Amino acid sequence: MFYFSKNREINDFCNELVNSHLWEYSRRGKYISIKRTIKETTLNLTVPTTPSDPDAALRFRNKYRRLIRQYLIDNNIISA
């Protein structure tokens with residue numbers, strides 16, 4: 001288990017993604033990002049390490065869902 005965020009929900013969600021072996025993490029300076037490479041496309045998510053917003057976990061999950069949905073639309077897997 002890797003420490004991603006002080007928010008427990010964000011930390012658990014990121015660990016689930018990384019433990020699925022489809023996503024990998026990298027630390028660049030102060031920021032942690034998780035990424036997934038599909039064919040020639042790289043999906044990047046920057047993890048909020050010290051969120052001050054109580055809705056940060058919800059916003060992070062929504063950002064993840066938007067990223068995946070946009071990828072599926074761009075590659076004509078689903079229609080908008």
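Every read-out reported here was derived from the displayed coordinates using simple, explicitly stated rules and does not represent laboratory data. Source: prediction; values computed, not measured. Counting neighbours? That spans all protein chains shown, and the Cβs are built from the backbone with ideal geometry, glycine included.
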Restricted to segment 31-66, and to residues that are β-branched (V, I, T) and in contact with a strand residue (DSSP E or B) (Cβ under 7 Å, 6 or more places away or on another chain), which residue is farthest from N7 (Cα to Cα)? T42
In segment 38-78, how many are surrounded by fewer than 10 Cβ atoms within 10 Å (Cβ to Cβ) and in contact (Cβ under 8 Å) with a residue 40 or more places away in the chain? 1
Considering each residue of segment 1-27, count those that are over 29 Å from N75 (Cα atoms) and exposed (fewer than 10 other Cβ atoms within 10 Å of the Cβ), and give that number. 2
